[in-house]
1. Counting Lys +1, Arg +1, Asp -1, Glu -1, what net charge surrounds residue 240 among other residues with beta carbon under 10 Å of its beta carbon?
2. Along the range 96-108, what does the Karplus equation 6.51 cos²θ - 1.76 cosθ + 1.60 (θ = phi - 60°) give for ³J(HN,Hα), rounded to whole Hz, x for Gly and Pro?
3. For residue 301, what is the net charge nearby, where nearby means another residue's Cβ is under 10 Å from its Cβ and Lys, Arg count +1, Asp, Glu -1?
4. Under a 5 Å amide H to amide H cut-off, with H placed in plane at 1.01 Å, what residues pair with residue 223 once short-range neighbours are removed?
5. Cβ neighbours within 10 Å, averaged per peptide: list 334-344, 263-273, 94-104, 199-209 in order, most packed at the top.
6. For the range 240-316, with all protein chains present and a 1.4 Å probe, just round the carbon and sulfur fraction of the accessible area to a whole percent.
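The values are calculated or read from the model by the stated rules, or taken from the named source; none is laboratory data. Here the structure is a predicted model, which means the values were calculated and not measured. Glycine gets a Cβ as well: all are built from the backbone with ideal geometry, and neighbour counts include every protein chain shown. These accessible areas exclude ligands, DNA and RNA; they are computed on the full protein's heavy atoms, side chains included. Shrake-Rupley method; radii C 1.70, N 1.55, O 1.52, S 1.80 Å.
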Amino acid sequence: MKNIHTPWAERSREDWLRWAAWQIGTVAAAATAVTIGLVLLLQQPVGITAVFCFCIAAGCSVAVQAMRRGVELFCEHLLHRPAPAWLREVLSLVLGTVIGYTIGNELAVLLTGIQNSGIFDVSLRRAVTMVFIAIVPGAAITLFFVGQSRIANAETQAQQAARIAAETQLRLLESQLEPHMLFNTLANLRVLIGMDPARAQAMLDQLIAFLRATLQASRSGSHPLSAEFARLSDYLALMQVRMGSRLRPAFQLPAELAGLEIPPLLLQPLVENAIKHGLEPHVEGGVLVVRAEMQGQVLLLQVQDSGAGLSATPDAAGTGFGLQQVRERLATRYGPSASLEVSPAPGGGTLCSIRIPQP
């Protein structure tokens, strides 16, 4: 969310309203404090003093902001370098206070009809005193905003560092997934070579095409659900070369969900586990269903098999490499709002469900 420290060119209407509210509030606070001080110390009339203080404070605020922006533009467009923070603040504070005091004083004279000498109408000593009185609250306000700006910059840098760390962690997890998937696929191919060399050759051809598409997809941060389902279809076609009719895949992807973005290869470990622990140990094989649907504002992705079930699975708790890797990727990408659950499927087999809240 943008705030009062957002660069001028990037501010929305809400940012400008928030900035204006801050300026009005600080002007009112500074003018009230100076009014109270002058009334108590110099026994000046409250009404007239308040009018002069508020006009001068408003004039100084506008002039200081204008000078600050002017220094920034001068350095950016003429010197082609950012304005040094100390130079910008000192120039805007001193020159802005002198100009703002003069404008505010003249405005108060017009409003009250009472003549009051300006900075350029009095002796140098008194002019310095007048500027000093006006510059003290301005300096306090400037220091406050500088401190707030530094805090905001530190928060932004911390958020950027956290985002970079999360992206690095996500890349690390994805790099672990690729060799794991490749190892499992080559292990399946090795089994088939000894049983049926002709089918092994066909499987190898399918594997080359599958890996080319899959490894390209894994290099991107996200891709559409339609691409994820296409890669899974390629993978299951590859597995069907070895398992034949024992593997009966089915896909359920509504057209309106095809464009939703998810991390690449997110469902791949679930499909691999369904085959390895669910369908391969089952003599007659079974059905493997991959589906996507929306439940309110949550995207539900499911991989369900009709195989051996959790009781026959060594990793019945769902904590093996593949499932743990999926959980870590979800946590890194989406935080605690996303989840993976492993449960018995209705009618037998295993059901893996991923839930990802949508904006």
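1. My count for the surroundings of residue 240 gives +3.
2. Taking θ as phi minus 60°, the curve returns x, 5, 4, 5, x, 4, 4, 5, x, 5, 5, 5, 5 Hz for the range 96-108.
3. On the way: positive: 291, 355; negative: 228, 293.
Every neighbour counted, the sum reads 0.
4. Those lying under 5 Å, H to H, from residue 223 are 262.
5. On the way: 334-344: 14.0, 263-273: 23.5, 94-104: 21.3, 199-209: 15.8.
Going from most to least packed, we get 263-273, 94-104, 199-209, 334-344.
6. Accessible surface attributable to carbon and sulfur in the range 240-316 totals 54 percent.
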